Structures are given as C-alpha cells and as structure tokens.
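One structure below.
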C-alpha cells in the first residue's frame, strides 16, 4: 500500500515530452492500468467461467501470471529505449523499423475504438438498470451510449491532471465494492456450490477455451502505462512499476471475486446468468431492491472509469506516430497544454458511429459483436511485436550474457510471445479473418506515408536499377 502512494521525484526524464507535460505519477499511472483493465467485463466473467468449471480458476491464475510478465517486459523495454513515448509503437519501431512501428500503431488504434465501443455497449445496460429503464427505445440507448463516450472525452480534453484525478476516484469507487465480494463473500461460500472441475460437457481443452477467451479479453489494458509513457513522470521507473502493480492488483481481484461467486451461487444458477453479481449479493445480504441498484451503480462507475483511461490511450499512440510521420498528420495536433485533441475527438466519433450502427438493427449488433472480438486480435499483434523486439535484443550481441538474468528475461519474452499467440487463437476464425483484412487495408495507407517521408528527406529512398524501364 505504501509503495503505491510513493510519488517519484527523480529529475531524470526521457526525451520525447517536456517534463512539465508528465503529469502522471506512480499512483495515477497505476490507477490508469487498473482502470483500463477492470471495466464492465468483470461483472459477467464469473458466469462465463462457471460454464467451464472450477478449472477456470486455474486458467485465470495462469493468464494472470502471463499478464504480469507482460507488464514486467514493458517496463524493461521502457528502460532501455531512449524515447519510449507511445509504448508498444516505440518498441516495435526501435527494433524493427518504421513499418513495424506503423503497423503496431494502426492495429492498436483499431483495438482502442472498437474496445471503447464494446465497453460502452455493456455500460448502457447497467445505466438502464440503475435508472429503472425497461425496454427503452434505440434512441434512448444511443443517447446513453453517447454520454458514456463523450463525458470521458471532455474530461480528457480538459487536461491530463483532471483525467488522472477522475481515474483515481473511479478506481477507488469500483475497487472497494468488488473487494467486498472477493473478501467478505467467502463467509457465505459453500463448497457444494462450486461447479465440476470440467463443466463444459466436452474435453478439458473445451473447458480451458471457455475460460481463456473471457480472461484474455479482461486483461487488455496491461500496456496502458507504457502507451502513456509520454505523460508519466520518470517513465523508466514508473511504467514498469505501474504495469506490474496495476496488473497484479486487477488479477488478484479477478481471482478472488470469480472464485467467491462460484462458491456463493449454485452452478446451475450461475452458468449463463447475465447478472452474477446480483445473485451473489443476494446470497450474502438477502433479496432486496437495493442489491440490483448497488451492482448497477458499481458497474456504471467501473465502466466510466475504464472509458476515461481508454479515451486518453486511444489518442496517445497515434499522436506519437503522427509526430514521426507514421500516422495521419492531423493526429499530431494538440492543445497548448499538450492534449492530442484531434485523436480524442476522431476516435470518439468513430466509436459513436459504431454505436449508432449497432442500434440500427440485428445486423448492426452482429457486426458490433465481431468488432468486440476483433479488438482482442488487433491488440495481440502489438503485444507480439513488443515481445519479439525484446527477444531480438536479448539474443543479439548488444547485451552482455549474464547467465540466470539473461535466461529469466528470455523466458519472459518467450512467454509473452506465446501469450500473444494464445490471445489470437482464442479469438476465433472470424475475428482473425477480420483483423487480417484491416491490417491489409492499413498497408496501402503506409505506402503513402512512406512516400511522403521520402519526399521530405525523412526516410531513405530504396535503390533502384538504373536500367529498369517502365512498361
């Protein structure tokens, strides 16, 4: 606890952003990670995992460990790369060049606006439950969704300090009630309520897949401190520390809450239950009208906190890439206080259009569901590039061999690579297919960006054969 509250006052800063713009200390950076990881998904996770059986708890623990290792690796990369603003983008570009950096930024930007749309779609249901709105019209739902998207956008446009304060408040407000279930709930836990070790009705692999899909998606956000490195005080120290502390805290909460709810609610009532926290609170405190309202309120706070953090992250990576002519130029625009306003507005507009499309009918909802799965694949690609960048450094001659330390770091990079592949495989064929199409769409865009850099003398032109004719 005391470690979390320490503000580092070291004067050392990385190049890329003036020290005055680095408004996120360790507590705020950690809150950003926790707030980005824990969104509205935690409120449905126990029900989904119950369908896999108690093996889901073991799967969640393994994936939690992998996510923490990712945080360790991001901290290592931030320490050794001179300018790590943009996080995953900077890692890939530093090791593999402009194209890898661009592809990372392109994929991650897709992840962000698709993920924001996913969060707000779930958030709308909890707002409706909180306000007692039964069967509202699509226009009412769309209006609530716009509120969820644009309130965080306005907070972010107001400044980094305002965003950081709001993030820390929402993290505390949502973390404490969840912790009540994860700790106090064990008083009412009964072992007879736990599902079978494999409750999937299929093979053990089927049970693992059920748990892995929701768990992998729930840990997207471990990288947010590295993405916002340009806003973090002493990023060489605090990015890694915030990533590890924030991810570990979220992981501990996930495991405690999921296991407690499985023990509070009989398996047959929990599986496929759309509101597992409601029945869990009823098991603890009895049936009362306030139970559903409390759960809805916590979910609303959790969702708006996640949207607040992701809104900043959505604009940060494109901003850094655009400054280096590797993304659309307007994304490099910012306010006098250093806020990348164009990226915030455009990304929020794209998510708003998606929400409007999703409320037009069943086909729109299907497309939107695909985009939710797509966000998992598109974030796995930047993870993969970062892990490969670290592995390339470790096995090169740039690093002195230090025996056990080298073996440890190679193991972390290798696990991160396998984790990225697992994320992709768990997303399904449809999501991978759509991700490939979007990646291919981004390549012609890069062709124009590269040509523009060559004209400005910012990138070397490839050598051509002098006798090559046209036609």
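Structural remarks
- All of (1) in a helix (DSSP H, G or I); (2) more than 21 Å from the chain's Cα centre (by Cα); (3) touching a residue at least 60 places away in the same chain (Cβ under 8 Å) hold for residue 357 with one exception: (3).
- Within segment 434-467, the only residue that satisfies the criterion of being buried (at least 16 other Cβ atoms within 10 Å of the Cβ) and in a loop (DSSP other than H, G, I, E, B) is 459.
- Condition met for residue 131 (at pLDDT 85 or above and either within 28 Å of residue 27 (Cα to Cα) or surrounded by 15 or more Cβ atoms within 10 Å (Cβ to Cβ) (or both)): no
Residues checked against (1) in contact with a strand residue (DSSP E or B) (Cβ under 7 Å, 6 or more places away or on another chain); (2) at pLDDT below 90; (3) crowded, with 20+ Cβ neighbours inside 10 Å:
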| site | (1), (2), (3) |
| --- | --- |
| 193 | no, no, no |
| 201 | no, yes, no |
| 206 | no, yes, no |
| 216 | no, yes, yes |
| 223 | no, no, yes |
| 239 | yes, no, yes |
| 243 | no, no, yes |
| 253 | no, no, yes |
| 258 | no, no, yes |
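- Residue in segment 127-142 that is under 29 Å from residue 209 (Cα atoms) and touching a residue at least 60 places away in the same chain (Cβ under 8 Å) present: no
- All helices (runs of 4 or more DSSP H) inside segment 173-266 with 1 or more residues being under 21 Å from the mean Cα position of the chain (by Cα) and farther than 24 Å from residue 423 by Cβ: 235-264
- Count - residues of segment 319-339 that are more than 23 Å from residue 99 (Cβ to Cβ) and at pLDDT 90 or above: 1
- Hits in segment 111-127 - residues which are at pLDDT 85 or above and over 21 Å from residue 347 (Cβ atoms): 127
- Residue in segment 90-103 that is closer than 16 Å to residue 377 by Cα and in contact with a helix residue (DSSP H, G or I) (Cβ under 6 Å, 6 or more places away or on another chain) present: no
- Within segment 56-94, considering residues that are surrounded by fewer than 24 Cβ atoms within 10 Å (Cβ to Cβ) and not in a helix (DSSP H, G or I), the one modelled with the highest pLDDT: 81
- Qualifying residue in segment 300-311 (condition: part of a helix (DSSP H, G or I), touching a helix residue (DSSP H, G or I) at 6+ places or on another chain (Cβ under 7 Å), modelled with pLDDT of 85 or more and over 30 Å from residue 89 (Cβ atoms)): yes
- Across segment 372-384, not a single residue is classified as surrounded by fewer than 18 Cβ atoms within 10 Å (Cβ to Cβ), touching a helix residue (DSSP H, G or I) at 6+ places or on another chain (Cβ under 8 Å), at pLDDT 90 or above and assigned to a helix (DSSP H, G or I).
The values are calculated or read from the model by the stated rules, or taken from the named source; none is laboratory data. Source: prediction; values computed, not measured. As a convention, Cβ positions derive from the backbone with ideal geometry for all residues, glycine included, and neighbour counts pool all protein chains shown.
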